[in-house]
Amino acid sequence: MTLVNMRDEMMKGAPICVAGCGAITAVGRGVSALRSALPVNASGLRPCPEFDSTRFQSRVAGRAPAEEGWRDDPAFGLAATALREAQDEAAGVLGNVRPERLGLVLATTKANIDAMQRRMEGRSCSDSAGRHMQADLLAADLAAEARAGGPVQTVSIACASGLVAIQQGAKLLQRDAADAVLVVGVDHLSDFVVAGFTSLKALDPEGCRPFDRNRCGLSPGEAGAAVVLVREAEGAGLAVRLAGWGNSNDANHMTGPSRDGSGLVLAIRQALALAGLEPGSIDYVNAHGTGTPYNDAMECLALRSVFGEEGPAVSGSKGMLGHTLGAAGVVESVLCITAMREGIMPGTPRLADPDEGAPARLLREPVRGARMQHVMKLNVGFGGINSALVFSHG
């Protein structure tokens, strides 16, 4: 199928709109915390004493606030917190949706991975925490909590999971399998995750610095984030819509991206074609921006290939939130949607000295009153996965 035919197929149904957002991240609980962090370029990265420097490459991480009642089951707690906020914002629309027509798509890479370690070490672990080691069961229980009796799906394709989950939610609406879809992304900090990145020598001991000349790694983070998707007809008056998307696979390496960015270029161009936009129409790109040397360099090449030497404004948010793995696409989409609503182009927290190959319009600090009509969100992941979304405002 050609891109033109794919766009025609996508546009047969009503446009997909965002009716509600929810988040709990390293900068605090709720979308309000993101809204407060954006204009001051805040960073939620902090040293975490539990990640002993004798065992781990870095102590710096993005730890979200926790409630005492769910630290045994953090994946469910983070996800359910974000879901409740998104549903509350979308209550006016969801009130007209029958439970059997409400779907849910979960994005996660590790689900409740800490339960596995607890059981291996003989420590206490609740039945629900153990159950949520399986992502499909976590999704089923989140759907039950949200009273979503429609289709339930799980997406786990590394760090592009969140963007692909949003696409899956949109497709459920397009083929009339649901009247509204809750898309939730979640991953939590654990010894397992931090040890994994330590073994790859992929952590920055000082905290990640996306697109910085001296960048040397990422900072892990945790988050729950959610968006409520509806057709435009059900969400009349909603300002932000999902305009297009694209995906590709490098088939290059288990953990390393294609150095020339060619796979990401394919995803970006597909997203633009589906949205019916030229590259010059994009006002802002929220990059994957992990702070690792190869990822950032690849992303810069891809952006230059599609948008030219000048290109749109670009920034990365992982210096604010950490790399939240399967949650990244959803939480960073919530950040983009919030920025569009507020008219603020996000900066790049912790960026000190931009790399010489960085985008020409890389934003170190936020820009208020900016045009944010068409925004692109990018994520890439292990296995060569590349994903791009276009959000349009108004």
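Throughout, read-outs are computed from the coordinates displayed, never taken from laboratory work. Bear in mind the structure is a predicted one, so any value in this text is a computation, not a measurement. Positions of Cβ are generated from backbone atoms using ideal geometry, with glycine treated the same way; all protein chains shown enter the neighbour counts.
Side notes on the structure shown:
- Of the residues V164, F211, T108, the one whose Cα sits farthest toward the positive end of the charge dipole of region 10-231, with +1 on the Cβ of Lys and Arg and -1 on the Cβ of Asp and Glu, is F211.
- Each residue of region 184-189 was assigned a 3J(HN,Hα) from its phi angle through the Karplus curve 6.51 cos²θ - 1.76 cosθ + 1.60 (θ = phi - 60°); the sequence is 10, x, 8, 7, 10, 6 Hz, with glycine and proline shown as x.
- Counting every other Cβ atom within 10 Å of each residue's Cβ, M376, M120, M298 order from fewest to most as M120, M298, M376.
- Modelled this way, with points 7 Å down the Cα-to-C-beta line, the labels at T54 and R71 are 2.3 nm from one another.
- The order of E332, E145, going from fewest to most other C-beta atoms within 10 Å of their C-beta, is E145, E332.
- Looking at region 155-225, the trypsin sites (Lys or Arg not before Pro) that sit in a DSSP loop and have at most 16 other Cβ atoms within 10 Å of their own Cβ are R175, K201, R213.
- Under 5 Å from the amide H of C216 lie the amide H atoms of R209, each residue being 5 or more positions distant or on a separate chain, with H modelled from the backbone and absent for Pro and chain starts.
- Rg/Rg_globular for region 240-393, with Rg_globular taken as 2.2 N^0.38 Å and Rg from C-alpha atoms: 0.93
- Rounded to the nearest Hz, the phi-derived 3J(HN,Hα) couplings of region 55-69 under the Karplus curve 6.51 cos²θ - 1.76 cosθ + 1.60 (θ = phi - 60°) are 10, 10, 5, 8, 9, 7, 7, x, 8, 7, x, 10, 9, 4, x, where x marks glycine and proline.
- Peptide packing: for 102-111, 286-295, 88-97, the average count of neighbouring Cβ atoms within 10 Å per residue gives the ranking 102-111, 286-295, 88-97, highest mean first.
- Restricting attention to the chain, lysine pairs at least eight places apart or on different chains and with alpha-carbon atoms under 29 angstrom apart total 11.
- The convex hull drawn around the Cα atoms of the chain, when projected onto a plane and averaged over every direction, covers 17.3 nm².
- Per-residue Cβ neighbour rank within 10 angstrom, fewest leading, F382, F197, F391: F382, F197, F391
- Each DSSP beta bridge with both residues in the chain is either parallel or antiparallel, and the antiparallel ones are about 65%.
- The Cβ shell under 14 Å around G207 holds other residues with a net charge of +4, Lys and Arg each +1, Asp and Glu each -1.
- Only one residue of T198, L277, V230 has its Cα farthest out toward the positive end of the dipole of the chain, where Lys and Arg carry +1 and Asp and Glu -1 on Cβ, and that residue is L277.
- Between E121 and E100, the contour length at 0.36 nm per residue exceeds the alpha carbon distance by 3.5 nm.
- Take every Cα pair under 8 Å whose residues are at least 6 apart in sequence, average their separation, divide by the length of the chain, and the relative contact order is 24 percent.
- Hz values of 3J(HN,Hα) by residue in region 113-130 - Karplus curve (6.51, -1.76, 1.60), Gly and Pro given as x: 5, 4, 5, 4, 5, 4, 5, 5, 8, x, 8, 5, 7, 5, 4, 5, 4, x
- Oblate is the label for region 292-341, because a/c, from the alpha-carbon gyration tensor with a ≥ b ≥ c as root eigenvalues, is 1.5 or above and a/b does not exceed b/c.
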